[in-house]
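I have placed the structure first, in the form of structure tokens, so that the comments after it can refer back to it.
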Amino acid sequence: MDLDLRDLQKSGRIGRIEVDNEAKEGISEGIIKIPSSLTRKETALLAATVETVTRVGPCEAEVKLLEIRDVRETKRKKIIERAAELLKAWDQNSLESSEIKEQIETDIKLGEIISWGPENLPAGPDIDSNQELIIVEGRADILNLLRIGVKNTVAVQGTQIPKSIIDLTHKKESVTAFLDGDRGGTIILNELTQLAKIDYVARAPEGYEVEELTRKQLIKSLQNKKPLNNTQESESIKKKETPSKETLLDKLLKKAKAKNQESFKMSINNIEAGHSIGFNKNMEKLFDISVGEVFEKIQDYKDTQFLILDGILSKRLLSNLLKMKIKFLACKNKEQDLHIPDQIIVFYY
């Protein structure tokens, strides 16, 4: 496939590219919109290619995909919504129509969903007023819980836990993670237990998602919630994740001098905002540079074994760290759906 944008535009397969940008303190940020009539695979390949751009003119740049939106799907949803409105008007005198009643009930519940926090996360209307919080995976889960009158909910919208939710959990008296009964639910639970305050865990039956549970199943799952420390999931996480990482880290620390160990631990707690610090195998500091410079400059420090990053771990940087055979990384968080291989220990602080 030829990915030359000019040729694709000439053939009509790529539309008019729009760029909205603004500069603050010498740094320009913006949104690039690229309309595509390519196939799904071709569009994904084009998006991945655009993300490899590292320079715009004479300036360094980083391009990150925010979303691929199917406009046809949006139009389809609008058609369905309009059809539902017409059907209601047509059958408004027919109280026996179960489909109409169900659609009306759904519309009412949808109206109760709010956008919460700086990330505009889907949430129930009682999220702020209720001292109990239920964390779910997505918008459809919140809608299903609204059907049984549960309104103190918020959705994480992926495996990367938003900071606003992490902060909110520490303000609530009780926090329950109500997750799908699949591998995805376990991954999110793992992230939550590392970053947030979770008191209870409820899971959909194995192989089921919260959004597809019946009223009876929802109530039963919430009634059967267990304290985090007593759940099989938390025990598995503790056995497989925390001790193994701590054991490996302890082995690495033992090789370094005591004073260097203390310096390393203090650096994790006192790192300057937006900085990154590298250490060699003896815990001796090699560099202290800005996060923006790490990707390019870390290769100059080939003895780096430990890295502290006051930022988010990206796929590009992780690839670099693995090539350098870096053993340990401490960072704030990681990109959504980023897989961490066994060759490197990653701690989140």
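Considering only the stretch 133-156, I want to know if a residue exists there that is assigned by TED's automatic domain parsing to the domain that holds Ile219, farther than 23 Å from Arg215 by Cα, surrounded by fewer than 17 Cβ atoms within 10 Å (Cβ to Cβ) and over 17 Å from the mean Cα position of the chain (by Cα).
The answer is no; no qualifying residue exists.
I'm trying to understand the selection: among the residues of the stretch 170-182, which are crowded, with 20+ Cβ neighbours inside 10 Å and either modelled with pLDDT of 95 or more or under 17 Å from Gly124 (Cα atoms) (or both)?
Selection gives Val175, Thr176, Ala177, Phe178, Leu179.
Does the stretch 183-197 contain at least one residue that is at pLDDT below 90, under 20 Å from Leu143 (Cβ atoms) and among the small types (Gly, Ala, Ser)?
yes
Starting from residues that are aliphatic (A, V, I, L, M) and in a strand (DSSP E or B), keep the ones in the stretch 199-213 and report whichever is surrounded by the most Cβ atoms within 10 Å (Cβ to Cβ).
Val201
Does the stretch 28-76 hold any residues that are more than 17 Å from Asp4 (Cα to Cα), within 25 Å of the chain's Cα centre (by Cα) and assigned to a strand (DSSP E or B), and which are they?
Ser28, Glu29, Gly30, Ile31
Take Ile68 and tell me if it is in contact with a helix residue (DSSP H, G or I) (Cβ under 8 Å, 6 or more places away or on another chain), surrounded by 10 or more Cβ atoms within 10 Å (Cβ to Cβ) and more than 28 Å from Glu296 (Cα to Cα).
So Ile68 passes the test.
For the subset of the stretch 40-59 comprising residues that are of a type outside the set (Lys, Arg) and exposed (fewer than 10 other Cβ atoms within 10 Å of the Cβ), which member is farthest from Ala23 (Cα to Cα)?
Per the stated criteria, the residue is Thr52.
Here are some conditions: (1) under 26 Å from Lys315 (Cβ atoms); (2) in a loop (DSSP other than H, G, I, E, B); (3) hydrophobic (A, V, I, L, M, F, W, C). Ile127 meets all but one. Which one does it not meet?
In the conditions (1) under 26 Å from Lys315 (Cβ atoms); (2) in a loop (DSSP other than H, G, I, E, B); (3) hydrophobic (A, V, I, L, M, F, W, C), Ile127 misses (1) alone.
Does any residue of the stretch 308-330 turn out to be in a strand (DSSP E or B), among the polar types (S, T, N, Q), surrounded by 14 or more Cβ atoms within 10 Å (Cβ to Cβ) and not assigned by TED's automatic domain parsing to the domain that holds Gly184?
Checked the stretch 308-330: no residue is in a strand (DSSP E or B), among the polar types (S, T, N, Q), surrounded by 14 or more Cβ atoms within 10 Å (Cβ to Cβ) and not assigned by TED's automatic domain parsing to the domain that holds Gly184.
The values are calculated or read from the model by the stated rules, or taken from the named source; none is laboratory data. This one's a predicted model, so the numbers in the text were calculated from it and none came from an experiment. FYI the Cβ positions are ideal-geometry reconstructions off the backbone, even for glycines, and counts take in every protein chain you see.
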